[in-house]
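Visitor: Before we start, here is the structure in question, set down as structure tokens.
The values are calculated or read from the model by the stated rules, or taken from the named source; none is laboratory data. Fair warning: this is a prediction, and the values are worked out from it, not measured in the lab. Cβ: placed from backbone, ideal geometry, glycine included. Neighbour counts: every protein chain shown.
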């Protein structure tokens, strides 16, 4: 039992370090990406649940509840499929934020319309069209059909 406690403590320390690293990445790399705090919160919750499950299994605290956890995992998988489009857009938003190809102030062409990016969010990007209207574009479209005409502001 003492060996199990040692491994549980090591696991908790490693998890805390991982959470600190994730938060540091959010603050440094995703600071301009609207909605990144929500994504980080979801990641924190998933990691915390996994850690609680590991520690409880290691210390044999919640052995009878394993069936409940399995059911919850199935429900989580179900919701993953329901929100797959949002997840794809969120991943694309993070990719846009980390990349240099597209940034705020970039001029783009999409669906025969030209405009300038004025805001990049986690799942959508806001473009001001030439006629001053605003268009919301799902971020995964940047990998599929959008042409960048000029990138007047390169991110450093």
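Visitor: Considering segment 107-150 alone, what residues qualify as being under 15 Å from residue 33 (Cβ atoms) and more than 19 Å from the chain's Cα centre (by Cα)?
Guide: 117, 118
Visitor: Can you give me the number of residues within segment 19-36 that are free of Cβ contacts under 8 Å to residues at least 40 places away in the same chain and surrounded by 13 or more Cβ atoms within 10 Å (Cβ to Cβ)?
Guide: Looking only at that region, the number is 5.
For (1) modelled with pLDDT of 80 or more; (2) surrounded by fewer than 12 Cβ atoms within 10 Å (Cβ to Cβ), each residue gets a yes or a no:
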position	(1), (2)
43	yes, no
47	yes, no
51	yes, no
55	yes, no
59	no, no
78	yes, yes
86	yes, no
91	yes, no
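Visitor: Regarding segment 93-105, can at least one residue be identified that is modelled with pLDDT of 80 or more, more than 25 Å from residue 18 (Cα to Cα), crowded, with 16+ Cβ neighbours inside 10 Å and over 16 Å from the mean Cα position of the chain (by Cα)?
Guide: Within segment 93-105, one or more residues are modelled with pLDDT of 80 or more, more than 25 Å from residue 18 (Cα to Cα), crowded, with 16+ Cβ neighbours inside 10 Å and over 16 Å from the mean Cα position of the chain (by Cα).
Visitor: Looking at segment 106-156 only, could you name the residues that are assigned to a loop (DSSP other than H, G, I, E, B), surrounded by fewer than 13 Cβ atoms within 10 Å (Cβ to Cβ) and either modelled with pLDDT of 90 or more or in contact with a helix residue (DSSP H, G or I) (Cβ under 7 Å, 6 or more places away or on another chain) (or both)?
Guide: Within segment 106-156, 130, 131, 132, 133 meet the criteria.
Visitor: Determine whether segment 37-52 contains at least one residue that is over 28 Å from residue 120 (Cα atoms), out of contact with any strand residue (DSSP E or B) (no Cβ under 6 Å at 6 or more places or on another chain) and not in a helix (DSSP H, G or I).
Guide: No, that holds for no residue.
Visitor: While we're looking at this one, here's another question. Before we move on, is residue 68 closer than 23 Å to residue 138 by Cβ, in a helix (DSSP H, G or I), out of contact with any strand residue (DSSP E or B) (no Cβ under 6 Å at 6 or more places or on another chain) and not assigned by TED's automatic domain parsing to the domain that holds residue 137?
Guide: no
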